[in-house]
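Worksheet: one structure, shown below.
Nothing in this text is a laboratory measurement; each read-out follows from the coordinates by a stated rule. These figures come from a predicted structure and were not determined experimentally. Reconstructed Cβ throughout: ideal geometry from the backbone, glycine too, with neighbour counts over all protein chains shown.
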Amino acid sequence: MAKQLRVDPTACTGHGLCAELAPELVTLDEWGYPLVTNRPVPRALDRTARRAVTNCPALALALARVP
Amino acid sequence: MTGCLTLPFPAPVPAAGDYVLTGPDGGLHRLLPADGAAQVDLTAHLARYGALPHRAEPRRIIAEVEAAGLTGRGGAAFPAYRKLTAAANARPTPVVVGNGAEGEPASSKDRSLLWISPHLVLDGLQIAAATTGSRTAVLYAPRNERLHQRLALAIAERAAVRMDTAAVELRDAPGRFLAGEESALASHLTGLPALPGYRPARGLPRLGSGQPVLVQNVETLAHLALIARYGARWFRTAGTEEEPGSMLATLHHADGRMGVVEVPLGIPVAQLLGPREPVQAVLIGGYHGAWLPADQAATLPLANAALGPLGATVGAGVVAVLPADRCGLGETARVARYLALESAGQCGPCFNGLPRIAAALDHLARPRPDRRARADLDRWAGLVEGRGACHHPDGSVRFIRSALRVFAAETALHEQGRCSGTNPQPFLPLPSSPPLAHTDWS
């Protein structure tokens, strides 16, 4: 099942941890908020994505099924 | 000859005597009376439209709404039957809300409708409640004492003759741009501030209790009341095949007059404008809408099929002309600042981006702007787009980008230290004092 990273923008407070843990999948904009690709997370990066999700201090990051 | 209701902004409700007969040819009087801004009481309402056919099968009403092709008149033009179907299937039974928040400062059509023909809206609310099996309904109206007294009276008139099955509760909408956004509305009904929420899954918004909410714009409900009476075929005698029916539009003319008119969808924009108005551009769809050059706008019908490819939408029916003596960049910068202040401040990109975009636009509206301002603005616009919980950043960027397209020549003039605007008076309507306190959301 293809999944993608999704940010709840109302919960995200711009800690930026996601971009440190998963630089292949997340970059930060000039205000420190994550820019995530809407492409499916490749299998090889599955663990990386999960780490970013579970470590988000604001619980704002999720792995969701690609619609 | 049709009626055009002129309302001085920011008058919260139309005043008697504001009605003038200078509307566009081809206008209609389905929702508003032809004989003036007189308030329609229950007796006059029933005399004109007849009793509401109450006992109709919910599925039959939904099928009729689908056949009619009624779309939401709050701005998004979402098919009404799809929302009604989702609500009819939702569990627990939804609460039905008539949304008259009308946070858009350039729009007056919803409060005009509520003020003049509240019973049509209340009829529609009952029909919507009947299709979903709801016993409770809410009328969400701008916070205004006179309007609330008027609506409370209309609700009492109906209760006195026991004509309704669903009890209607009147609720205050905070005077914020986003107060009518569905998830903000649901939050407000829950007793929380009227802030938009993040909803990754589509579907009806829910109250804190989990009860789903069917939100329909008040004008949509008024059309629903007429479709229930006269049917889809009648509804389609106005409008286009693709976009049937009539709509209320708020017009802002170059001489400062404004008015609410009812017109068929697809009416030529040229017919809405005065014959010889000194106009340089037309704003269609309000502050989440788009500017179009006046000569281009004059060739178009007021319909999404024609406006969509040009980046514009009918929206909630605002058509505002920009007089030839105003600077389009200056006007857009004023509104952009307002839109930045109306960010709920919940989403980082919107909270950070809109004020910077507004400041850059303000800079471009002045003589000899720094060359970096435009590049910054373009980059920031890209950064806020699609990154909010609600459509506020997207709509704001659409409006601002359209200004940079349509007023490209003006931008070039400013680079040379000149400006074509000769009249510094603000033109587009904005609230006199933007509410800044966080409590204003509740």
**Report entry** segment B:333-442: proportion of alpha-carbon pairs further apart than 16 angstrom, %
**Finding:** 60 percent
Report summary line: One computes Rg over Rh for segment B:233-292 from alpha-carbon atoms, with the Kirkwood Rh, and obtains 1.01
Report task. Enumerate the calculated ³J(HN,Hα) couplings along segment A:20-28 in order (Karplus 6.51 cos²θ - 1.76 cosθ + 1.60, θ = phi - 60°), each rounded to whole Hz, writing x wherever the residue is Gly or Pro. Result -> 6, 7, 9, x, 5, 10, 10, 10, 10
Query raised in the report: GluC sites (Glu not before Pro) within segment B:184-287: which are DSSP loop residues with at most 13 other Cβ atoms inside 10 Å?
Result: B:GLU241, B:GLU242
Query raised in the report: B:GLN280's amide H: which non-local residues (gap 5+, or another chain) put their own amide H closer than 5 Å, with H modeled 1.01 Å from N in plane and none for Pro or chain starts?
Result: B:LEU322, B:ALA324
Query raised in the report: How many Cβ atoms of partner chains, on average, are near each residue of B:344-357 if near means within 10 Å of its Cβ?
Result: 4
Report task. With an 8 Å cut-off on Cα pairs and a minimum separation of 6 or more residues, tell me the relative contact order of chain B in percent. Result -> 17 percent
Query raised in the report: With Rg and the Kirkwood Rh both taken from Cα atoms, where does Rg over Rh land for segment A:3-65?
Result: 0.91
Report task. Give, in whole angstrom and from largest to smallest, the semi-axes √(5λ) of the equivalent ellipsoid of segment B:170-261, with λ running over the eigenvalues of the Cα gyration tensor. Result -> 30, 21, 12
Query raised in the report: Can you give the Kirkwood hydrodynamic radius for segment B:247-323, in Å, rounded to one decimal and based on Cα pairs?
Result: 11.9 Å
Report task. Measure of size requested: the Rg and Dmax of segment B:285-386, with Cα atoms as the atom set and Å as the unit; please supply both. Result -> 14.8, 40
Query raised in the report: Of B:ARG91, B:ARG229, B:ARG374, which is the most mobile in a GNM of chain B whose springs link Cα atoms less than 10 angstrom apart?
Result: B:ARG91
Report summary line: Here segment B:316-329 yields Karplus 3J(HN,Hα) values (6.51, -1.76, 1.60; θ = phi - 60°; whole Hz; Gly and Pro given as x) of 8, x, 8, 10, 10, 8, 9, x, 5, 8, 9, 8, x, 5
**Report entry** For chain B, share of DSSP beta bridges that run antiparallel, in % to the nearest 5
**Finding:** 55 percent
Query - chain B: radius of gyration and largest Cα-Cα distance (Dmax), Å - result: 21.3, 69
Query raised in the report: For segment B:24-235, taking Cα atoms only, what is the radius of gyration to one decimal and the Dmax to the nearest whole Å?
Result: 16.0, 49
Report task. Search the structure for amide H atoms under 5 Å from the amide H of B:ALA173, placed 1.01 Å from N in the peptide plane, and list their residues when 5 or more places away or on another chain. Result -> B:ALA141, B:ARG143
Query raised in the report: From the backbone phi of segment B:281-297, what are the Karplus-calculated ³J(HN,Hα) couplings (6.51 cos²θ - 1.76 cosθ + 1.60, θ = phi - 60°) in whole Hz, Gly and Pro given as x?
Result: 8, 10, 9, 10, x, x, 7, 10, x, 8, 7, 10, x, 4, 5, 6, 4
**Report entry** Top of B:ARG366, B:ARG236, B:ARG162 by mean-square fluctuation, Gaussian network on chain B, Cα under 10 Å
**Finding:** B:ARG162
Query raised in the report: Share of Cα-Cα pairs in the protein assembly as shown beyond 37 Å, in percent?
Result: 31 percent
